[in-house]
Amino acid sequence: MSFWDEKRVQFYIETWGPPTNPKKWQGLDRMEIPVKLLKGETAFDVGCGLGHLYYALKGKVRQYLGVDASSYMLEKARAYFPEADFRQGDVYDLSEFPMVDTVYSISLLIHLPTVEEPIRQLWSKTKKRLVFLIPLGKREKIEEPEKGLLYHQIPFKKLESILDSLPRVGKVQKIHWEKRHHFVVLDTIE
């Protein structure tokens, strides 16, 4: 059973707000940077949750695909945005999904026990740009504040090693967002 059950989805809504009226995190808009980083006309949002990024990108992309492992999250996302393409999927195997211009993973990697394969999977679907948010630090740190909920910080050096192993990587940016959280931006070689 997924940690993101009906009760947790309600907690998520209370924390981040509904996608049509999102709350700021310590005065910061979680979707502002990802929207500015859009490259191209198609977007793939892995770990889409309730569709916050869909709402922020609405009218800016020709095609959007949101994927989440939680059927409860997807049910709510579809209720908010019945016109959007939301599907169930697993970040450890994205083989069934198409390649798109910009791939996003905004609030997923922090909750995974390992990030190497998910980053490889995200990159495998990227035509132009990959954008993900991840906590970075000097050392690896995994906390479990409650059963089933992980907070995973990875070391800068480990991230560099993962990124160095990916093919076709051109420019890499790390944009500091909040405390230890960074948006990592990878562009393909043109």
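The values are calculated or read from the model by the stated rules, or taken from the named source; none is laboratory data. Small disclaimer: the values here were computed from a predicted structure and weren't measured. Backbone-built Cβ (ideal geometry, glycine too); neighbour counts: all protein chains shown.
If I filter the stretch 20-54 down to residues being modelled with pLDDT of 95 or more and among the hydroxyl-bearing types (Ser, Thr, Tyr), which single residue comes out as nearest to TRP123 (Cα to Cα)?
THR42
Suppose we filter the stretch 154-184 for residues that are under 16 Å from VAL115 (Cα atoms), in contact (Cβ under 8 Å) with a residue 40 or more places away in the chain and part of a strand (DSSP E or B); how many remain?
Of the residues in that region, 4 qualify.
In the stretch 38-87, which residues are surrounded by fewer than 22 Cβ atoms within 10 Å (Cβ to Cβ), of a type in the set (Asp, Glu) and closer than 25 Å to PHE3 by Cβ?
Once the filter is applied, which keeps residues that are surrounded by fewer than 22 Cβ atoms within 10 Å (Cβ to Cβ), of a type in the set (Asp, Glu) and closer than 25 Å to PHE3 by Cβ, the stretch 38-87 yields GLU75, ASP85.
For the stretch 108-148, give me each residue that is in a strand (DSSP E or B) and surrounded by 20 or more Cβ atoms within 10 Å (Cβ to Cβ).
Scanning the stretch 108-148 gives THR126, ARG129, LEU130, VAL131, PHE132, LEU133, ILE134.
Quick one: TYR92 ticks every box in (1) over 18 Å from PHE3 (Cα atoms); (2) surrounded by fewer than 18 Cβ atoms within 10 Å (Cβ to Cβ); (3) within 14 Å of the chain's Cα centre (by Cα) bar one, so which box is it?
TYR92 satisfies all of (1) over 18 Å from PHE3 (Cα atoms); (2) surrounded by fewer than 18 Cβ atoms within 10 Å (Cβ to Cβ); (3) within 14 Å of the chain's Cα centre (by Cα) except (1).
For residues that are among the β-branched types (Val, Ile, Thr) and more than 30 Å from LYS7 (Cα to Cα), scanning just the stretch 149-190, find the one that is surrounded by the fewest Cβ atoms within 10 Å (Cβ to Cβ).
ILE189
Among the residues in the stretch 97-107, are any more than 21 Å from PRO34 (Cα to Cα), out of contact with any Phe, Trp or Tyr (no Cβ under 7 Å at 6 or more places or on another chain), of a type outside the set (S, T, N, Q) and loosely packed, with under 14 Cβ neighbours inside 10 Å?
Within the stretch 97-107, not a single residue is more than 21 Å from PRO34 (Cα to Cα), out of contact with any Phe, Trp or Tyr (no Cβ under 7 Å at 6 or more places or on another chain), of a type outside the set (S, T, N, Q) and loosely packed, with under 14 Cβ neighbours inside 10 Å.
Between residues in the stretch 54-78 that are without any contact (Cβ under 8 Å) to a residue 60 or more places away in the chain and residues that are part of a loop (DSSP other than H, G, I, E, B) and of a type in the set (Ser, Thr, Tyr), which pairs lie under 8 Å by C-beta distance while being six or more apart or on different chains?
TYR55/THR20
Any residue in the stretch 33-49 that's in a helix (DSSP H, G or I): show its pairings with residues that are among the hydroxyl-bearing types (Ser, Thr, Tyr) and at pLDDT 95 or above at Cβ separation under 6 Å, as long as the two are six or more apart or on different chains.
PRO34/TYR104
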